[in-house]
Structure formats: structure tokens, C-alpha cells
Amino acid sequence: MTTTTTMNPSLTTAASIPTIDADVHVRWQADEDILPYLSATWHERWLRAPGGHTPAGLVVRPMYYDPDAAAYSAAMQGPGTVGAAAFPHPDVLARDWLEAHNLAAAVISCYDSPLIATYGDVDYPVEVARAVNRWITDRFLEADARLFGSITVATQHVEEAVREIHRAARHPRMVQVLLPAGARMPYGHAHFRPIFKAAAECGLAVAIVSGTEGMGTSNPPTPSGWPGTMAEMRVARTSVFTAHLTSLVTSGAFVDFPELTVLGMGTGVAWLPPYLWRFDKNWKALRSECPWLRELPSEVVGRHFRFGSGAITPVDPPGEFWRLLRSVSGSRLVIHASGAPRWDAQDPGSSFVLSSAPAALQAWIRSEGALAACPRMRIEQNQATLCGAGTSGSR
Amino acid sequence: MKTETASATLAGTSSGPRSTADETSRSGALPDSICVGAAADIPEGGRRIVAVGKISIGVFNVGGRWYALRNFCPHWGAELCRGRLTGTNAPAARTGEYNWGQVGTILRCPWHGWEFSLESGRAVFDERLKVRTYPVTLRDGELWIELRSKGGAQETE
């Protein structure tokens, strides 16, 4: 079986660039799968918790109407083909996604795991985070060398989160720390700084993922209050990520950690340029409040933030989208990240971003951007070779 | 803060500032220097805004030092010299580092809050952006703005 794009001379130039999918979701098949990684104290709670989307002792009940809420939990118990919320098995992931779309590698994360940082409890999410990280390492990273992992942390207990980052990062293919967009405070706050420090020390990126806004103990998904429908929610919640971005920049997270990259997953990006126009403008007058911010905020964002292509809305004509991005700090803000296997995941062939991006940006979007954001992925630079080896070795 | 304004224009008004050469009306050019009045009339912390031909200049007394700047913000043209005098946190190498300085010599535009150094006329956020500054000289108790020479504040006696 040939999975490497470089081996196929019939493909176009763009398609011959190795492609990394920086956002693929995985999940356990049965709740019992996690038990070996969880101390006995927590087994009952884990198994008796509401199933499906929120396997927590805390019922996370969004206050808006979500027509697919039931479908999510049903889909996730199923065989896990594309269209479900998460891949339940590395072989399924490899067959239905990596090989189906000639992907050289994927960064995976546990679909449910960002939620645990929104639990009101402290000790339980600390334990669950560790269990999920150990499980994803054993189940997925050890099964397929094309897969790179995300470290789940319980932000409720920063010391434990730091310890867990250092522990989980001992696996060389853990490449990023995963934080939910839904949070109790913006991520630039001093409370979270040790988490970013640990990520930087380990050479990990930090991915802030959309989808948990308003859940658990996090703030409502809009600063004006609760949306009433999913239609309202999905558009309005952008401001949650916006607040994290602004907080990280003004608080000097990238002064503290000049090598750190923060990834916005599922956040879109077309809203960003006009926002940065304003951010830049205000900085000129208010820079004395954050004197360590010594350059335009758009320059900091252009250097330290990357956005997954998955939730980027197709713009007609597409040239307008790229023109908008060029208006601030270049176009290297976007990397290919599908959010697979969700129903709206874009494979490389159908991706708005890849199909419309200028030729000069293809390599960046397909792989260079992710490799630069996640320094640990450089270890696996020769994806073409690894790809073939991983395919035969993991079956 | 009290701001005095000399409302008269240069040419032909008895109450207006005197100039070294009474040539503005003829050539349209500015005189070499212009007298803005007795230094004793502008107390420490005070300022006076004078019209010179078609332009406006602010003169400031900060701790006994004199400064003069164009009364025009390069951003949107606000009357910069009506802004608040304050200090600023100098650009810092590390987070959490606040170096409050240039106390009393940072002029904040009243419209959008851009900070300018009274000393250099330069914007704090970008030194390439500059407001014209003029040397101020003190002759026999009178303040003179030197319109021809470039440069910042000057202490003379």
C-alpha cells in the first residue's frame, strides 16, 4: 500500500508536498477503556457519570439548543467512521483518514478532553487528564508513528498540570498542550503562566480549541450572555478566543516564551485582521500599560499564532480571504487542520484553504507551518520514509 | 491644568506675539524667532499656546525647563499641546517590569492618547513619528521660540 504522496509522480506539485492534518479527534470506544489508567478511587465516578459528550461527575449542560447533542453521543459509541465526532481506533483513523487522503501525519487530540478543564472539581480532572494522556499514548501514539499527540491538562490545578506536561512530554511524539477555549479567565492571566512555561520548556505548542465555550465552570460563550441556539452560538463564540489571544499578547506571554506558538483550532481566522487593525491602533496609545509589548500586536500575532483551517469559512471570491490575511503580518497564519472526523471536516482535496491558497503558501499550510509550530515534530522531519514504515509496522 | 492661549495671530495685532522680523505678512514665511511673553507669566507646570502665522505652537514650563512643540498631532491633527502632561512606562525587556519615567515630559494627545516626548517630539510607540520641536530661549525675562533652528528643549539664560 502506497501512502506517501512523494512516491506518486502523477500528483500535482501542490499535492506532492507532504500534508499534515493538525487537528484530528480521537476517543475511547468504551468508557471501560480508560479504567486501567485511572486509580480505583475514581472508577465508579468515571463509569456512572453521564455518558457521551460529558463523561464527568459534573453535568455540563449548555444553555442553548443543540440539535445534534444526542447524535454526538450516539455517533461516538459507534464504529467511528468519518462523520462521527472522533476516531475510536488507530486503524480506523489510518484507513479512513490518513490513507484515504494521503496524509503524512496527524496531530490527534481526545475529543472530550478539553472539557475536563471546565469541571468544578479539582482532583478528579487532574486524575482524568493523566489517564487520558497515558491512554492516548498507548492506544494511538504507540500504534502509528504518523500520529502526534496532545497533552490534556486540568487547569484547575496548575502545579499538577505542569507536572503532567513534563511527564506526558516524555513521549517524543507529544507535540502540544491542549486548552479549551471555554475558561474561567483569559489565558494571559498569571494563574495559567506556569502551564505555558512548561509547554515552552518542553518544546510544545499550545492549542486552544473551540467547542467548550460556556460549558462547565467556564464563562458564557459570549460576554453579553447566553445565546439561545446553536446557530447563534457558533458565530458569537468567536469573542471567547479573541479574548484569550488579546490577553496572551498584552500580558507578554511571547516575551516570556519567545519560541512559543499558540494554535487556534476551530476558531476561524477571517475575523482576525480587522480585530488586529484595532489592536494595533489601540496599542499606540496604551502601550504604557504593557510596556514589554514593544511592537505592534499584529506582528506578535503573526509570529506566534497559527489557525487551523478547519473552521475557516469559505469566502467568495477566495482571493478576498487571502487579501484580508495579507493586510496583517503576512499569510502564514493558517495551517491545515481538519477537525476530522466531524461531518464538516475538510480533507485536503476539498479544503477551501488549500484549494484557494497561493502556490507559494501550499508547503507552509500543508506541513511547514505545523512543523514550525510544534518543534518536536521536526524530529520526524522525514515523513515520507516514516509514513511507509508506519503503515506496514502498525497493522 | 490651566492652558493659556495667545489668541492673536502674528501679524498686525498689538496683543500678539512679537517677532524678530516683521516679515511674515510680506513673504508668508515665518520669522526667525518669536516672543511668547514673560517667562514669569507661565508658572511651573503651565503652558501657553501661541498662534504663529498659520501654525500653532505650545510652550511648556516643566520644572523650570522650557519646551516648545507644534500644536498638531501627526495622527489626526488634534491640538496636541492641549493634552495631558504625564509620564510613561519605558519599553521593558521583561513582563512585569514597569519603569515609570519621563515624568511630566510625556504629552498625551487629547484625542487618541498617543504619547509624545516633550524633549524630542517623538512618539513613544514609534520614534520615526515626530512632532516638530523648537528651541526656547530666555532673553531678559522673555521667552523666545526659535522657529528656524531644529531641535528640542533648551535652557538658556
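The charge dipole of the stretch A:20-393, taken about its Cα centre with unit charges on the Cβ atoms of Lys, Arg (+1), Asp and Glu (-1) only, comes to about 960 debye.
Computed on protein heavy atoms with a 1.4 Å probe, what is the summed buried accessible area for the chain pair A and B, in Å² to the nearest 100?
That pair of chains buries around 1300 Å² in total.
Of A:284/B:130; B:54/B:130; A:197/A:281, which ones are farther than 23 Å apart at the Cα? From the list (A:284/B:130; B:54/B:130; A:197/A:281), the Cα-Cα distance tops 23 Å for A:197/A:281. Net length available on complete extension from residue A:197 to residue A:256 is 20.4 nm, with 0.36 nm assigned per residue and the Cα-Cα distance removed.
For the pair residue B:38 and residue A:327, a Förster radius of 56 Å applied to the C-beta separation gives a FRET efficiency near 0.60, rounded to the nearest 0.05. Working from label points 7 Å from Cα in the Cα-to-Cβ sense, the residue B:90 to residue A:282 distance is 2.8 nm.
By DSSP, what percent of the beta bridges with both residues in the stretch A:20-393 are antiparallel, rounded to the nearest 5?
On the way: 0 of 30 bridges.
So the antiparallel bridges in the stretch A:20-393 amount to around 0 percent.
Residues of the stretch A:274-294 whose accessible area (probe 1.4 Å, heavy atoms of protein chains only) drops by at least 40 Å² once all protein chains are present, relative to their chain alone: A:281, A:284, A:285, A:287, A:288, A:291, A:292, A:294.
Here residue B:128 and residue A:45 are evaluated by their C-beta separation; at R0 = 60 Å the FRET efficiency comes out at 0.50. If you plug the beta carbon distance of residue A:159 and residue A:235 into 1/(1 + (r/R0)^6) with R0 = 25 Å, you get a FRET efficiency near 0.10.
Based on C-alpha pairs under 8 angstrom that are at least 6 apart in sequence, the stretch A:20-393 has a relative contact order of 19 percent. Short version: which residues of the stretch B:103-126 lose at least 50 Å² of accessible area, all chains versus chain alone, 1.4 Å probe? Residues of the stretch B:103-126 that lose at least 50 Å² of accessible area once the other chains are added: B:125.
The values are calculated or read from the model by the stated rules, or taken from the named source; none is laboratory data. These numbers were taken from a predicted model, which means no experiment stands behind them. We place every Cβ from the backbone using ideal geometry, glycine too, and count neighbours over all the protein chains shown. Each accessible area value is taken on the protein alone, full model and side chains, heavy atoms only, with ligands, DNA and RNA left out. Shrake-Rupley method; radii C 1.70, N 1.55, O 1.52, S 1.80 Å.
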